[in-house]
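Everything on this sheet refers to the single structure shown next.
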Amino acid sequence: MAGTVDRLEACNSPETSGTTGDALPGPRVYARRWVFLLVVSLLSCSNAMLWLSFAPVADTIAQHFLLSMEQVNWLSLIYLVLAIPFGMAAIWVLDSVGLRGATILGAWLNFSGSLLRAVPCLAVRIPSPFAFFMSGQSLCALAQTLVISSPAKLAALWFPEHQRATANMIGTMSNPLGLLIANVLSPALVKKAEDIPVMLGIYIVPAALACLMATVCLWESVPPTPPSTGAANSTSESFLHGLKLLIQNKAYVILAVCFGGGIGIFSSFSALLEQIFCANGYSNEFSGLCGALFIVFGILGALLLGLYVDRTKHFTEATKIGLCLTSMTFVAFALVSQLQRQTFALAAICSLLGLFGFSVAPVVMELAVECSFPVGEGASAGLIFVLGQAEGVLIMLLLTALTVQRTGPSFSTCQQGEDPLDWTVPLLMLAGLCTLFTCVLVIFFNTPYRRLEAESGGSSSPTMCARNPRNVNPTQVSPLETPGLTPRDEALKEAPGPVSKASVSKGHSEWAETMTRDV
């Protein structure tokens, strides 16, 4: 009992007291968390649409604006390139400036980029349309660095423990939903070169709506009262110290490198899918269909898997099994995609790639937070994103470098006027890399769930005490305590001297002080 009293008196001392009242407020959730999630999801969806809008009609864009296919590829690749130097700055903005400020800044960058991309189609005889396309894509790429890590932080700060994985899944899967829309919408809108201005104009609408909602509807970065104990400890480490802890965390490093490689593989796959298919006689419409199936089944799988891990907390098992199935499916894609007239098989394989691969993305983001707690969610999820973009650049450059001119009979439907390429070796390399990353993660990755342990009372650190005064280890409570009284009531009853209201633990007030930098 003495240990309990000491710990409770430390939590209720004047140094940690800041509110008055007779009872400590418990965790609380707010309905406006869904509005925040809607804004972040819409922004992420719009940003992904802008990223991949050129790729499904790459040959038409190249032919109309007199660009090479390498230039068109750079309109997608610039997202990955800029994420490397600016991704770390985005992590600092997210954890230091706050979720609201980062979301609004990202929304305005995204909207401005969408407008700049349309300038070559609005003005007459623009001398260098590629410069405007690249500038607009660059602004959207800067917005992506702020947006892509937001779902994990939003889920941690605003949602209770039993809804975190689901909220993270919704926010994370909004990005591939944007890829789905771009894969379907771009080929549907652009039947000929004269349709390109209509396509670029339509993509401005969701960017403008996300910008308006972010500016008007978001009032605060954190709720007045945290929804969980883990939320009260969010971002309890400074930015630089948090990064140092991440680098020293073996489990996190393995997860970040391996899943970062997975992000790079899927980014390259999405950006190059049309070029891979047209070289073997498949139409742009079929490429768009396969990209759509890839995303639809990924979202479906993420929904089911998110609900499953919310109930079971089997983050590690779900991740390892999902990546193993993804690797086997990638091997099948590398072989079948080089054959002609295999539309049904390729459609099925792309569906399975999404079901197994995309579905684990939100689970991995939750797993990253669990193995790195109490480092901020922006840092733990953002660093994986930065590594993913860096590995994506290397993988995409490697794949394009390994392509050679096709020497045999050509079935190409590519319209850019260049000789068709042979993608056999690049695709086998892609399957090999996916298998390598999966094997390393399955064999070497293992971690405790630090955040769940802290929330269940497994942590007795001073930080937990300061933010969760009720976190008392049951083994330290005397069996002779009065029935019906909480350990805190017992401690206050037995403590010598009167206990004033000013000495009551500040609970959620310290949460507000700790997160002041987020507001």
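Values in this text are rule-based calculations from the coordinates and carry no lab data. Just so you know, these numbers come straight off a predicted model, no measurement behind them. Counting neighbours? That spans all protein chains shown, and the Cβs are built from the backbone with ideal geometry, glycine included.
See the values below:
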read-out	value
Sites Leu394 and Val29, calculated FRET efficiency, Cβ-Cβ separation with R0 41 Å, nearest 0.05	0.45
P(r) weight above 24 Å for the stretch 265-424, C-alpha pairs, percent	41 percent
Rough spin-label spacing in nm, given labels placed 7 Å along Cα→Cβ, for Met328 and Val404	3.2 nm
The stretch 145-294, Cα convex hull volume normalised per residue, Å³	155 Å³
For the stretch 189-196, 3J(HN,Hα) per residue [Karplus equation, 6.51 cos²θ - 1.76 cosθ + 1.60, θ = phi - 60°, Hz, x = Gly/Pro]	7, 9, 8, 8, 4, 5, 8, 4
For peptides 334-344, 259-269, sequence by mean Cβ density within 10 Å, most packed first	259-269, 334-344
Compactness relative to 2.2 N^0.38 Å, alpha carbon Rg of the stretch 324-369	1.37
In order through the stretch 47-57: 3J(HN,Hα) via Karplus (6.51 cos²θ - 1.76 cosθ + 1.60), integer Hz, x for Gly, Pro	4, 5, 4, 5, 4, 9, 5, 7, 4, x, 10
